[in-house]
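The values are calculated or read from the model by the stated rules, or taken from the named source; none is laboratory data. Nothing here was measured: the structure is a model prediction, and the numbers come from that model. Note that each Cβ is placed from the backbone with ideal geometry, even for glycine, and that neighbours are counted across all protein chains shown. Accessible surface is based on the protein model in full, side chains and every heavy atom, while ligands, DNA and RNA are left aside. Shrake-Rupley method; radii C 1.70, N 1.55, O 1.52, S 1.80 Å.
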Amino acid sequence: MDKNLYIFNDIPFKADLYAIIKTCAAEEDYELVAEIAEFVDKAEKVAKPKAILRYVSITHDDNGNVTEIENTPCIDSTVLNKNLSGIYNAVAYVVTCGNELDSVDCEYDPLKEYWLDLVKLQSLGAARKYADVKIKELLSADKIAHLNPGSLPQWPISQQPSLFGYIGKVTESIGVELSSSHLMRPLKSSSGLAYPSETSYENCMICTNLKCPNRRAPFDEKMAEEYGTGNCSNNM
């Protein structure tokens, strides 16, 4: 048994129906609300958000730069070097909405496909929230920050297979696969390294894609000058 590997296949999930109705601007259309509610209930019953975590070691050279993650050589990256300075243990993770939601029949209706996409986002959110609690426990940390391969050129999406390699058994355990272009399937999945941090850091702070719909923090010009800038892939 691998004492550093943690797999969660039964994460609790309750869809936020009101949020979906509000996003669809359907509050005043009672027939549409009833249709959305019936569909969301059907989707919620099959949803199974999942997470896989591995407690990993971080190795540095004499200059403090990260050279290995979980005893595997990694690329020289400004983002890794600056954020993991003095950090010797982190948690590599993959979280997902679960591929069970792909079985929900949308009847080739674009509107229902949109509703399903909203449920998938909420399911992924449940997996992220659950994983963060477990990660804080593993790291004995009150606050954590995340680094995501593919979110910035300084740690490109081509490093996604390496991250999966640090964890091991990702596809077998939670069903998340990598495409030939290193994108995750199901699409509503997220991967990264989480580490203890007393300061707030988001990749968005140095991303120049200011109109990104997934932006989690405002652009920080001073930080961008220090780290270097780039555009995210939205694969987070």
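Treat every Asp and Glu Cβ in the chain as -1 and every Lys and Arg Cβ as +1, leave all other atoms uncharged, and give the resulting dipole magnitude about the Cα centre to the nearest 20 debye. Spell out each step's value before the answer.
Working: 23 positive and 34 negative charges, 108 e Å.
It works out to roughly 520 debye.
Placing +1 at every Lys and Arg Cβ and -1 at every Asp and Glu Cβ, with all other atoms neutral, what dipole size does segment 2-81 have around its Cα centre, in debye to the nearest 20?
380 debye
Would you be so kind as to identify which of L80, L116, N65 lies farthest towards the positive end of the dipole of segment 1-131, taking Lys and Arg as +1 and Asp and Glu as -1 on Cβ and the Cα centre as origin?
N65
Within the P(r) computed for segment 36-124, what percentage of the Cα pairs occupies the region above 23 Å?
The answer is 48 percent, as a whole percent.
Pull out the extension gain between E28 and K143, defined as 0.36 nm times the separation in residues minus the alpha carbon to alpha carbon distance; nm, one decimal. Numbers along the way, then the final one.
Values: separation 115, 0.36 × 115 = 41.40 nm, distance 4.06 nm.
Residue separation times 0.36 nm, minus the Cα-Cα distance, leaves 37.3 nm.
How long is the gain from R185 to I75 if the chain were fully straight, where each residue apart is worth 0.36 nm and the alpha carbon distance is subtracted?
Extra length from R185 to I75 when fully extended: 37.2 nm.
Specify the angular offset, from 0 to 90 degrees and rounded to the nearest 10, of the alpha carbon long axis of helix 110-139 from the longest principal axis of the alpha carbons in the chain.
The answer is roughly 40 degrees.
Of L138, N148, F164, whose Cα points farthest to the positive end of the dipole of the chain (charges on the beta-carbon: +1 Lys, Arg; -1 Asp, Glu; origin at the Cα centre)?
Toward the positive end, the furthest listed residue is L138.
Return the sequence-ordered ³J(HN,Hα) values of segment 95-100 in whole Hz as given by the Karplus equation 6.51 cos²θ - 1.76 cosθ + 1.60 applied to θ = phi - 60°, using x for Gly and Pro.
Values, residue by residue: 10, 8, 5, x, 6, 4 Hz.
How far, in nm, would the chain grow between L121 and T208 when pulled straight, counting 0.36 nm per residue and subtracting the alpha carbon separation?
Result for the pair: 28.9 nm of gain on full extension.
In terms of the Cα gyration tensor, with a ≥ b ≥ c the square roots of its eigenvalues, is the chain rounded because a/c is under 1.5, prolate because a/b exceeds b/c, or oblate? Working shown, then result.
On the way: a/c = 2.17, a/b = 1.63, b/c = 1.33.
Cα axes put the chain in the prolate bin.
Which pairs, out of K42/K169; K14/K48; K22/K112; K3/K45, put more than 20 Å between their alpha-carbon atoms?
Too far apart for the 20 Å limit: K42/K169; K3/K45.
Go ahead and run the numbers for FRET between E35 and L5, Cβ-Cβ distance against an R0 of 45 Å, rounding to 0.05.
Computed FRET efficiency for E35 and L5 comes out at 0.60.
Give the accessible surface of the chain per residue, rounded to a whole number of Å², with probe radius 1.4 Å and ligands, DNA and RNA excluded. Each step should come with its number before you reach the end.
Numbers: 12160 Å² over 236 residues.
Normalised by residue count, the accessible surface of the chain is 52 Å².
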